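Please treat every number below as a calculation from the coordinates, not as lab data. Just so you know, these numbers come straight off a predicted model, no measurement behind them. When we count neighbours, we look across all protein chains shown, and the Cβ atoms used for this are built from the backbone with ideal geometry, even at glycine.
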Amino acid sequence: ALAAVLVAASATAAGGALTRGEPFEPREHVTPPVVRVDATHPLPQLAVWAAEPDRELLVATGALPPRLSLVVLPDFDGATWRSGSSLRPVGAVASPSLPPGAEVGRMDATLELTGLASPALGTGTWLPTAGRPVSVTVPGALWDVETGSLVAPEGLAAGSVYRVTADVDQPAAATLATAGVPSGAEVARYLELPRIPADVLAYARTVTQHAPSRLVQARLIEETVRADRELAPDAVSGSSYARVREFLFAEPEQGGQVGTAEQFASSFAVLARAAGLPSRLVLGFVLPEPATDGSVVVRGEDAHVWPEVYLAGAGWVAFDPSPAASGTAADRATDALDLATDGELEPPDPAAVPAPEESGDAEPVPGPPDAVPGPRAALLVTMAVVAVLASVVVLAGVSAVLRARRLRRLRRHGAVGAWQHVEDVLVLAGVALPPGAD
């Protein structure tokens with residue numbers, strides 16, 4: 001019965017499209033199934049890759065972005081970051097809640113998983129990609145519409161080769177410099193900070209309080225997290241509030257100021273959310289320079305985790321507070337950021353940052369009131385204002401007409417009408433008449 005209904009609905013839609021002379025795309029009229037895959041994200045695998053920096057993981061050729069993502073982690077519960085993937089078949093017609101940026105490039109590459117899919121260094125079902133996958137030659141591949149993460153439910157063997165095309169946000173400096181943050185339920189997921197410690201919230205406010213734009217806010221957080229802190233692949237792992245506070249505030253002999261790329265990225269993302277910047281983590285690979293034959297060999301030392309911030313009109317923008325970011329091929333991706341914030345970065349004086357105390361819980365607060373409402377929200381606000389003004393005008397007109405009619409009636413009643421008119425005037429003036437005054 002369900003199949004018959006779907007066929008009938010498709011036939012009706014097709015008939016209407018043909019009648020209007022429009023091309024018919026059947027996938028737009030059938031909601032594709034959402035598949036949930038129990039795929040554990042490989043964030044703990046970062047330490048394994050770091051322990052074998054020279055181990056070859058994959059070889060890439062073709063049109064490549066500066067970074068390949070393995071899994072995107074948008075959800076934070078105060079203890080860990082999660083993927084929360086709701087997966088659909090690649091090619092299904094679907095759009096993410098937050099729209100892509102206005103300027104987009106195309107990745108078209110062939111990837112050979114020379115070591116990435118081995119039992120010792122594998123990633124389970126996750127596949128390297130970038131941005132929003134458009135097509136992939138892996139049979140049965142699925143993707144998360146919201147994050148772009150790509151999954152092969154059956155897994156891939158070492159040595160597997162596949163081709164992937166994807167759209168990647170590539171915002172220009174002018175777009176970044178003026179970009180705001182959208183409002184509404186669509187961004188709530190990327191601002192969640194349950195039970196955020198009060199000192200972390202105060203730290204974020206201090207770092208960003210004088211920033212002239214959302215982009216500068218993000219760059220200030222990036223510079224502040226990086227400053228005077230040491231990257232150590234063998235440091236204590238973890239992304240919980242307790243680990244973030246230790247990393248940011250404790251002395252080195254107490255485990256502070258030293259961390260893995262996970263702590264640098266997670267601290268940035270938490271502070272960004274506290275400042276009202278939608279953020280998420282990405283585990284993947286920073287691509288080295290290509291070889292003479294154009295191929296890019298990715299090794300264990302290239303595995304990395306970094307934060308991304310969503311800016312209206314720009315899309316998801318990668319940042320990297322890790323000291324390892326300096327001098328790598330990923331610098332190619334920060335050219336637009338540097339141009340957009342040239343001369344505007346003034347990291348706060350560390351002495352002005354509030355000293356951590358016994359931290360109570362505090363609810364996250366919205367960022368500065370420069371959020372850019374979506375078109376629908378702006379239209380609803382405008383309609384509401386117009387409706388209120390129209391109501392005021394109508395009520396004022398009706399009131400004036402009723403008062404004029406009453407005045408004419410009172411004039412026809414002589415002295416009695418005159419006294420009632422005086423009573424009306426006194427009531428409107430807020431003067432209470434004594435009992436028996438009439």
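For Ser135 and Ala198, the difference between the fully extended length at 0.36 nm per residue and the C-alpha to C-alpha distance is 18.2 nm.
Histogrammed with a bin width of 10 Å, the alpha carbon distances of region 157-251 distribute as 10, 30, 31, 22, 7, 0 percent, first bin at zero.
For the Cα trace of region 223-292, dividing Rg by the Kirkwood Rh returns an Rg/Rh value of 1.04.
Computed from label points 7 Å out along Cα-Cβ, the spacing between Ala250 and Thr206 is 1.9 nm. Here the spin labels are modelled as points 7 Å beyond Cα on the Cα-Cβ line, and at Ala79 and Glu289 they lie 4.6 nm apart.
Only the Cβ atoms of Lys and Arg (+1) and of Asp and Glu (-1) were treated as charged; on that basis the dipole of region 71-211 about its Cα centre amounts to roughly 40 debye.
Electrostatic bookkeeping for Asp75 treats Lys and Arg as +1 and Asp and Glu as -1; over the other residues with beta carbon under 13 Å from its beta carbon, the sum is 0.
Taking a Cβ cut-off of under 13 Å around Glu301, the surrounding Lys, Arg, Asp and Glu residues balance to a net charge of -2, with basic ones at +1 and acidic ones at -1.
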